[in-house]
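Here the structure is laid out as structure tokens; the discussion comes afterwards.
All of the numbers you see were taken from the coordinates with simple rules; none came from a lab. Predicted, not measured: the structure shown is a model, and the values here were computed from it.
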């Protein structure tokens, strides 16, 4: 029976701490120090361990590159802030979906109520028009109260139609807004 023994290597700490920092100046001369100086940042530097092995390389700081990235960083910070607000407001996409459904149900209830009122006004209008035609057919003058009722009915019909259209737009906008919120929450969950 053959038994193979492999040496077991154990690493207590995979992260090595930087002891030295090295950068190369414009003439190619290496400069080493135990701290990071502005010159290190300006030229780019390498973090070295106690055996002078490179742990990490850091690129030189560029004002132009930093200025170019500023709008991206700002947009990312804004997006992160908005994501935190969404998380605080809704916690997760399931809660947002429930809130959307409640809001849409309430709007739909208003639409249904307004449509029932519209149907009643249309029925009333038909009745008023029949009465007006009856007076006209008999050659009699249409009473003033019937004229006012027709006028009032017409203005109410137009107002109600506008209300219904407004509620339908609100419904659509609410649904669209919640869909965006839910989609974003699903991304950040």
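When the chain is treated as a Gaussian network with alpha carbon springs shorter than 10 Å, the biggest mean-square fluctuation among 146, 104, 118 belongs to 146.
Compared with the dominant principal axis of the Cα atoms in the chain, helix 93-137 is inclined by about 20°. Put the Cα centre of segment 127-162 next to the Cα centre of segment 38-68 and the gap is 85 Å. Could you work out how far helix 63-90 tilts from the main Cα principal axis of the chain, as a 0 to 90 degree angle to the nearest 10? Rounded to the nearest ten degrees, it is 50. Stokes-Einstein diffusion for segment 8-104 at 20 °C, viscosity 1.002 mPa s, with a Kirkwood radius from C-alpha pairs, works out to 120 µm²/s.
The calculated Kirkwood hydrodynamic radius for segment 42-85 is 13.0 Å, given to one decimal from all distinct C-alpha pairs.
If you average the sequence gap of Cα pairs under 8 Å that are 6 or more apart and divide by the length of the chain, what percent do you get for the contact order?
On the way: 151 pairs, mean separation 34.3, N = 189.
Relative contact order here is 18 percent.
Computed over segment 80-189, the percent of Cα pairs more than 19 Å apart is 61.
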